[in-house]
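The structure under discussion appears below in the form of structure tokens.
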Amino acid sequence: MPHDLARALTGVSGILVTPFDAAGEIAPDLQAPVVERAIKAGVHVLTANGNTGEFYGLTTDEAVAMVEASARHIAKRVPLVAGVGRSIRDACRLAEASAAAGADALMIHQPPDPFVAPRGIEDYIRAVQEAGGGLPLVLYLRNDAIGTDAIASICRIPNVIGVKWATPNPMKLKAAMAAAPDHIIWTGGLAEVWAPAFYAVGARGFTSGLINVWPECSVAINSSLEAGDFATARTLIGEMQVFEDIRAEEQGGANVPGVKAALSLMGEDCGAARPPAAWPLSENQLARLTDFMRANGLIKA
């Protein structure tokens, strides 16, 4: 039975880690227990080649291998969203490979090129759409400086069904929602801590790197927000706040290291985070992370 992708995107979109071995090569099989834990906990969507998956630290060949591996691990039990991006040719190759692997949708990373024209982004998205063979598209928006009109315009491109809003500007999100087509699903792209603010202006669901480690907490936060129980959601977010605080340090460079260090503490070593990430964590960061893991029963006290 096909997945209800639109509904799933209003839940928790888990961004899967990319494991490496001791030599620094991708080790796709090490991702399997992470996937199993997330699905068992009720995570609604899993994403390969997102930022928590070190997308910009992978070669295109490695990204292809990881989406194929994630598809095997997930085995159609939940929707698989595949991240694509970088140069237009890399993005199109990844779109083709992701479709062949069985992805349910493509998440288009916003081009990081220093010379990006709003109309150029439209051309970029249309090319990826064609390469992906008609798969639904989710736009990953990390820079809202392109303006509300441009955001609304790219949302009108055929097959675009959703936007992951990853800028800390709820009022700009509200304006974009008002200007864009009604069918677009607006999902919080700044994880659990920003989810209440985005829900308050009408977004649904959120992305999460925490799901690699503690998916039950992410699912509980989403359930609380869906029920309109903001008080419980804030309490649950308070319990995991230190995890996100650590990940936000060093200009966000501890984002993936925080996840990988937590997995190592759990006995699921997924290797180092590649440069330019802040690897390894500092002694202070690791001590705080260890205390967090113990306090929440994720490792033995």
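Quick notes on this one:
Matching residues to (1) polar (S, T, N, Q); (2) within 18 Å of the chain's Cα centre (by Cα):
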{"position": "129", "(1), (2)": "yes, no"}
{"position": "139", "(1), (2)": "no, yes"}
{"position": "155", "(1), (2)": "no, no"}
{"position": "163", "(1), (2)": "no, yes"}
{"position": "166", "(1), (2)": "no, yes"}
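- Taking the stretch 256-277 as the range and being under 18 Å from residue 57 (Cβ atoms), outside any helix (DSSP H, G or I) and either under 18 Å from the mean Cα position of the chain (by Cα) or of a type outside the set (A, V, I, L, M) (or both) as the test, the residues that pass are 269, 270, 271, 273, 274, 275, 276, 277.
- Complete set of residues in the stretch 175-208 that are touching a helix residue (DSSP H, G or I) at 6+ places or on another chain (Cβ under 7 Å), part of a loop (DSSP other than H, G, I, E, B) and closer than 22 Å to residue 153 by Cβ: 180, 181, 184, 201, 202, 203
- Lone qualifier among 202, 189 - being farther than 20 Å from residue 93 by Cα and either of a type in the set (Phe, Trp, Tyr) or buried (at least 22 other Cβ atoms within 10 Å of the Cβ) (or both): 189
- Residue pairs meeting the criteria (Cβ under 6 Å; at least 6 apart or on separate chains; first without any contact (Cβ under 8 Å) to a residue 60 or more places away in the chain and farther than 14 Å from residue 197 by Cα, in the stretch 167-180; second surrounded by fewer than 17 Cβ atoms within 10 Å (Cβ to Cβ) and of a type outside the set (Ser, Thr, Tyr)): 177/202
- Hits in the stretch 11-31 - residues which are in a loop (DSSP other than H, G, I, E, B) and surrounded by fewer than 21 Cβ atoms within 10 Å (Cβ to Cβ): 21, 22, 23, 24, 25, 27
Residue by residue, here is whether (1) under 17 Å from the mean Cα position of the chain (by Cα); (2) without any contact (Cβ under 8 Å) to a residue 12 or more places away in the chain; (3) surrounded by 15 or more Cβ atoms within 10 Å (Cβ to Cβ); (4) under 20 Å from residue 73 (Cα atoms) holds:
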site: 93; (1), (2), (3), (4): no, no, yes, no
site: 104; (1), (2), (3), (4): yes, no, yes, yes
site: 113; (1), (2), (3), (4): no, yes, no, no
site: 133; (1), (2), (3), (4): no, no, no, no
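- Residues of the stretch 209-233 that turn out to be touching a residue at least 12 places away in the same chain (Cβ under 8 Å), within 19 Å of the chain's Cα centre (by Cα) and assigned to a helix (DSSP H, G or I), as a count: 12
- Scanning the stretch 32-65 for residues that are of a type in the set (Gly, Ala, Ser), crowded, with 19+ Cβ neighbours inside 10 Å and not in a helix (DSSP H, G or I) yields 48, 50.
Every number here is computed from the coordinates shown, using simple stated rules; none is lab data. All values reported here derive from a predicted model rather than from experimental measurement. A quick note on method: Cβ atoms are made from the backbone with ideal geometry, for glycine too, and the neighbour counts reach across all protein chains shown.
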